[in-house]
Every structure is written in C-alpha cells, then in structure tokens.
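Below is one structure; the comments refer to it alone.
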Amino acid sequence: MRRIVVIALGALFAALLYGIAVADQPAPAADAKAKPSEGQGVFTKYKCRSCHSVESTGITKKATEGEKEEDTGGVKPPDLSGVGLVRDAAWMTKFLTKKEKIEGKLHPKKFRGTAPELQKLTAWLATLKDEAAAKKMKANEKSAEKAADAKEDVKEDATKGAK
C-alpha cells in the first residue's frame, strides 16, 4: 500500500513539474496570428460596420438613423475589402489608436477594445485583399486629398484678398 502511495505522489509531482515547465514556454507562432473569424468578431463587437462595410466577406454597412458626414470627419468611410493591399496591420493599429493619419485626419473614433482585440482586428483586416476595393480606396483617398488641397487654396486666396 505504501508503495502505491509513493508512486502516486511521484507521478503527481512529475505532472505538476511538467505543467509548470509547459506554462513557461512561449506560445507557438501559430497562436500569435489572429484567426480571421476572431478579427471579424472584434469588428462586429465594436460596431465597426456602423461606418464600414467589408463586401468581400458579406459584411454590409449598417444604416444608422441620423448619420451625419461630420461624424466621420467629412470623409465617406470606405469598404475595407481591400485594405490589406493598401495598409499593413501595424499601420492600422496606429490609425485606430489615433497615432496615424490619412490625408491629415485621424480616425474619427479611437478603438476602445483591448490590445489583444486590436491585434486580432488588424491582423484580420490585413488579410482583406480584394484588388477592386483597394483601387477604389486609393482613388477615394486621392480625390479627398485633391479636395483638401483645393479647400486650402481657397483659404489662402481669401487671406490674400483680405490684406
């Protein structure tokens, strides 16, 4: 009987040590990558579709009552189906935390989730590589830039005329 107890305690001790050793190991690289469904879940959880669509995945922009252009800084939020061809995850992380700009403008709303959720979201967005949507995003950014430049020119002309 004593022998069984000693063997059982030895096995328990060995299992405990093995558990501690495994817990100290870094996570495999595969775990570091966000699964697309996780990022899509974050997109849905934080209501990103109230402004954006991701047509390539079947996510459509949710029409909201009383939506105003100034809610998005005067910019029409793009379909994000091709954002992975235009921006990388690191840049998107900065943009969503208001540390990066597009055409001199910050994202209208700072991401309010956790850092792991943001990583999952941007990793998923970086996988979205619809070429037609990416071309449309780039074209919209260029036209927004031209409009901003024209607006600035008008301000400069008005300032010169006032002198």
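When restricted to residues that are under 14 Å from MET92 (Cα atoms) and buried (at least 19 other Cβ atoms within 10 Å of the Cβ), region 120-144 contains 8. Which ones in region 25-68 are under 20 Å from LYS110 (Cα atoms), of a type in the set (Lys, Arg) and modelled with pLDDT under 90? Passing the criteria: LYS62, LYS68. Does LYS76 satisfy the condition of being in a loop (DSSP other than H, G, I, E, B), surrounded by fewer than 17 Cβ atoms within 10 Å (Cβ to Cβ) and modelled with pLDDT under 95? Against the criterion (in a loop (DSSP other than H, G, I, E, B), surrounded by fewer than 17 Cβ atoms within 10 Å (Cβ to Cβ) and modelled with pLDDT under 95), LYS76 qualifies. A Cβ distance below 8 Å, combined with a sequence gap of six or more or placement on separate chains, defines the contacts here; from region 95-110, residues that are over 17 Å from LEU121 (Cα atoms) reach residues that are modelled with pLDDT of 95 or more and loosely packed, with under 14 Cβ neighbours inside 10 Å in the pairs LEU106/LYS98. The residues listed here are TRP124, TRP91; of these, the one that is of a type in the set (Phe, Trp, Tyr), part of a helix (DSSP H, G or I) and closer than 17 Å to VAL42 by Cα is TRP124. Restricting attention to region 94-121, the residues being under 11 Å from the mean Cα position of the chain (by Cα), farther than 19 Å from GLY41 by Cβ and outside any loop (DSSP other than H, G, I, E, B) number 2.
Pairing residues of region 52-63 that are surrounded by fewer than 16 Cβ atoms within 10 Å (Cβ to Cβ) with residues that are assigned to a strand (DSSP E or B) and small (Gly, Ala, Ser), at Cβ distances under 9 Å and at least 6 apart in sequence or on separate chains, gives THR60/SER53; LYS62/SER53.
As a summary of the residue check, ALA115 satisfies the conditions (1) among the aliphatic types (A, V, I, L, M); (2) over 14 Å from LYS129 (Cβ atoms); (3) buried (at least 18 other Cβ atoms within 10 Å of the Cβ) except for the one numbered (3).
The values are calculated or read from the model by the stated rules, or taken from the named source; none is laboratory data. Here the structure is a predicted model, which means the values were calculated and not measured. Backbone-built Cβ (ideal geometry, glycine too); neighbour counts: all protein chains shown.
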